Every structure is written in structure tokens, then in C-alpha cells.
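What follows is a set of notes on a single structure, which appears directly below.
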Amino acid sequence: MMILFLILIILACAAIAFFILIQNPKGGGLAGNIAGFNSQFMGVKQTTDVLEKGTWVLAAVIALLCLFSAFFIPKSTSIQTRGEGARPAATAPATNPAPTPAK
């Protein structure tokens, strides 16, 4: 399940990168010249609105995917809690350190 979330997050990151790169900070860019058409086709304002809304939606999708993926992280099994009737864990006997030779 973690791999599915990882793939979805990577795809969303690539899509948001594409949305950001096709925008021009001055309002031109792809919005100003779609395959040779000028503003009579869709209009600069509407295209930039779509790109901006798409950027915000993808950012929200990435955030939600990151939050939801935390629920599917495998839990560590090295720490065990004792419940009712549980036996205490067996411990290894302590070993004495080897004596150091005298000089």
C-alpha cells in the first residue's frame, strides 16, 4: 500500500511541476499563446485561473496523500507491550567482562 501512495505522490509532484512551469509570472506564457490562438480562443484570464486552481488542487492532493500514507507505515515490532496475562520477556544472563591482564 505504501508503494501505491509513493507512486501517486510522485505523479502528483510531476503534474504540479508541469502546472507551475507552464505558467508565466506576468500572466503570459502558455495562457497567452495556445498553439497560435490569441485571447479569442479561451481567454488569458480563464486559462490562468484554471492553471492556478489546478496548482492549488494538486498541492492539496499531495498534502492529503502524505498524511494518509502515514497510516500505512508498518509499525515496529521490536517494542512489545505487556497485556494482561502476558509473560515477562526472557532476558539473557549477564556476562562478566573478561579480566584485563596486569602489567
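The values are calculated or read from the model by the stated rules, or taken from the named source; none is laboratory data. Treat the numbers as computed from the prediction; the structure is a model and nothing was measured. Here Cβ is always computed from backbone atoms with ideal geometry, including for glycine, and neighbour counts include all displayed protein chains.
Is it true that Thr55 is modelled with pLDDT of 70 or more, over 30 Å from Ser69 (Cβ atoms), among the polar types (S, T, N, Q) and surrounded by 13 or more Cβ atoms within 10 Å (Cβ to Cβ)? No; evaluated as a whole, the condition is false for this residue. Across the range 3-12, what is the total count of residues that are touching a residue at least 12 places away in the same chain (Cβ under 8 Å) and loosely packed, with under 14 Cβ neighbours inside 10 Å? Of the residues in the range 3-12, 1 are touching a residue at least 12 places away in the same chain (Cβ under 8 Å) and loosely packed, with under 14 Cβ neighbours inside 10 Å.
Scanning the range 22-52 for residues that are among the aliphatic types (A, V, I, L, M), modelled with pLDDT under 80 and not in a helix (DSSP H, G or I) yields Ile34, Ala35, Met42.
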